[in-house]
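This report concerns only the one structure given below.
The values are calculated or read from the model by the stated rules, or taken from the named source; none is laboratory data. Just so it is clear, the model here is predicted, and its values are computed rather than measured. Every residue, glycine as well, gets a Cβ built from its backbone with ideal geometry; the counts of neighbours run over all protein chains shown. Only protein heavy atoms, including side chains, enter the accessible area calculation; ligands, DNA and RNA are left aside. Shrake-Rupley method; radii C 1.70, N 1.55, O 1.52, S 1.80 Å.
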Amino acid sequence: QVQLVESGGGLVQAEGSLRLSCVASGNVFRLNSMGWFRQVPGKQRELVATITSTGITTYADSVKGRFTISRDSAKTTASLQMNSLKPEDTAVYYCNFVIYLPRVENYWGQGTQVTVSS
């Protein structure tokens, strides 16, 4: 019942910046969280950053101080500002949306490739 549309991603040089956006639509409930995960071939998908509907954020240690997640509640949109990008940030980035009531439901975007060249 929730659709996620991602934008952004692409090729950027090291120390450059990119901004990813994710728009959620459909049956969005009050209690929710949005975030970004990333995955490289052969590895488990890992958390990058999340933000709750109350504004509480969580970041992976590897991106703290470089990435910033924010959301526009009116538009149910989450953005990930990525600064000081490193080659190790290269991955497919997936938007994630979770609702908690009336039951836990987890949704994923299709993914967008981020490639950081050295």
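For the reader, a short list of remarks on this structure follows.
- Cα lying deepest toward the dipole's positive end in the chain, options Ile99, Gln39, Val23, charges on Cβ: Ile99
- Selection among Ser79, Trp108, Ser53 by position relative to the dipole of the chain gives Ser53 as farthest towards the positive end (Cβ unit charges, Cα centre).
- Surface share of carbon and sulfur [accessible, 1.4 angstrom probe, percent] for the chain: 50
- The chain gives an Rg/Rh value of 0.96, both radii derived from C-alpha positions and Rh following Kirkwood.
- Between Gln110 and Gln81, residue separation times 0.36 nm minus the direct Cα-Cα distance comes to 8.5 nm.
- Partners for Lys64 among lysines (Cα-Cα distance below 23 Å; same-chain residues under 8 apart left out): Lys43, Lys86
- Å² of accessible area per residue within the chain, as computed with a 1.4 Å probe and no ligands counted: 54
- Straightening the chain between Phe29 and Ala74 buys 15.0 nm, computed as 0.36 nm per residue apart minus the Cα-Cα spacing.
- Fully extending the segment from Lys43 to Ser17 would add 6.9 nm, taking 0.36 nm per residue of separation and subtracting the current Cα-Cα distance.
- Take every Cα pair under 8 Å whose residues are at least 6 apart in sequence, average their separation, divide by the length of the chain, and the relative contact order is 35 percent.
- Length-normalised contact order of the range 20-81 in % [C-alpha pairs under 8 Å, at least 6 apart]: 36
- Put a plus charge on the Cβ of each Lys and Arg, a minus charge on the Cβ of each Asp and Glu, and nothing anywhere else: the dipole of the chain about its Cα centre is then about 180 debye.
- Charge tally in the Cβ shell below 14 Å around Thr54, where Lys, Arg are +1 and Asp, Glu are -1, Thr54 excluded: +2
- The range 24-66 shape via C-alpha gyration tensor axes, a/c threshold 1.5: oblate
- Whole-Å distance, taken between Cα centres, linking the range 92-109 and the range 23-62: 8
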